Amino acid sequence: MDKRTFLKQLSLITAGSLASIDLLAKMTEEVAHIPLDELAEDEDFWAKIRQGYKLKSDYINLENGYYCLMPEETMNHYLEHVKYVNLHASFYMRKLMHDKHEEIRQKLADLAGCSTDEIVVTRNSTEALDLVISGIHWKKGDEAIMAEQDYGAMLNQFKLMENRYGIVNKLVSLPNHPKNDDEIVSLYEAQITKKTKLLMICHMVNITGHVLPVKKICDMAHRHGVEVLVDGAHSFAHVDFKVSDLNCDYFGTSLHKWLSTPLGAGFLYVKKDKIKNLWPLFGERELPEDDIMRLNHTGTKPVHVDLGISNAIDFHNALGGERKASRLKFLKEYWTNKVKDHPKIILNTPWDEGRYGAIANVLIEGMTARDMELELMDTYKIHVVRVKRPNVHGVRVTPNLYTSTDELDMLVEALQKMAG
């Protein structure tokens, strides 16, 4: 099938939509008996899920890691929330907002597997993680450990703490293809001293999709008396887990990525006995030192975004976290298995089971990431993003639930032609 024919058919396929969460729940109930790995490969089932999204027909979107569009079910609810809040205006803000916000916190806590009094809603991962990085009671000479491949905004925040308080930032470099978990754990452990106060790790490295052995790292750090902050921007509602499984002290994530909420939503988890250790970013009325809400005073905000979180959770739960995680892993496996043996195609994402989800990073020998990004869009109408970071050079490919194997076949064909 040529590109033009495919894109024309694509516009027809995406014209429909799932009528409701009830319909989605009925669909998943009908396939509940099918093993996850078999259902992950069932294109007929996932084509029905795809119909719940309104997609552009002039390019293939394989850059969902920044922000994934909402399914129509969530989008329609979100637009109604905007109208509802606008209609009630200050009455909503003064009389209704608090109770609604608490309902959303409870649903998020249930999904995350933690207590409601350990979670606050933020705008994104950066805000959530920076609340911790800037809230630690730093003293000159305190040490923090992180990786060169961590998200730039977090590294910048640690530099700010270095300039302000005189802390020492120690960076490790993550291998793209580790031998085992011990190699990763030892990498961090080797940097710990008596001055180490905080260790920050990614759950899923945003530029490669590498899933780190978080619990093992947390257990190791705690044996040394070191707290752990986890960047879960790309793992939450992507990999199937509960925050409580990780044994971390702090966890921050964005929800407009893999949960597909309205843009501008995230959360911060702080283990209950750690809340008192953090300074708030903004002043709040007098609250108990172990009340996490004292960290969450950011003024008036677009509350219709928060309301949309609830609908996104409903969609996620109706589909099923395990079912979703299995499909996302399959999508990565599908296209990488078709190019991994090409002598000029380099994959910067681990192969081992448990070390990846949907994200992968690929480079064609002899090309720059910039040239790859431009050629994939200009020639093949495939949208990806370039990455040039320590130990990682390539383009990041992030499919999502609506991505079809036909689209991934077009990616494979493009890569093979570009590689020669």
(request) Filter region 84-122 down to the residues that are in contact with a strand residue (DSSP E or B) (Cβ under 6 Å, 6 or more places away or on another chain) and outside any helix (DSSP H, G or I), then identify the one that is farthest from GLY308 (Cα to Cα). (result) CYS114
(request) Would you check if there is a residue in region 54-67 being in a loop (DSSP other than H, G, I, E, B) and free of Cβ contacts under 8 Å to residues at least 24 places away in the same chain? (result) yes
(message) Within region 187-203, take every residue that is surrounded by fewer than 20 Cβ atoms within 10 Å (Cβ to Cβ) and of a type outside the set (D, E, K, R) and give me the one that is nearest to PHE236 (Cα to Cα).
(response) LEU187
(request) Report the residue count in region 49-79 for those that are crowded, with 16+ Cβ neighbours inside 10 Å and among the basic types (Lys, Arg). (result) 1
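Residues are listed down the side, and each one gets a yes or a no for (1) in contact with a His (Cβ under 6 Å, 6 or more places away or on another chain); (2) crowded, with 16+ Cβ neighbours inside 10 Å:
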| site | (1), (2) |
| --- | --- |
| THR126 | no, yes |
| TRP138 | no, yes |
| GLY141 | no, no |
| TYR165 | no, no |
| VAL185 | no, yes |
| VAL205 | no, yes |
| VAL214 | yes, yes |
(request) Take LYS417 and decide whether it is within 22 Å of the chain's Cα centre (by Cα) and farther than 27 Å from ALA237 by Cβ. (result) no
(message) Please pick out the residue among ALA89, ALA109, ALA128 that is assigned by TED's automatic domain parsing to the domain that holds ASN247 and at positive phi.
(response) ALA89
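The values are calculated or read from the model by the stated rules, or taken from the named source; none is laboratory data. Here the structure is a predicted model, which means the values were calculated and not measured. Quick reminder, even Gly has a Cβ in these numbers, built from the backbone with ideal geometry, and neighbours come from all protein chains shown.
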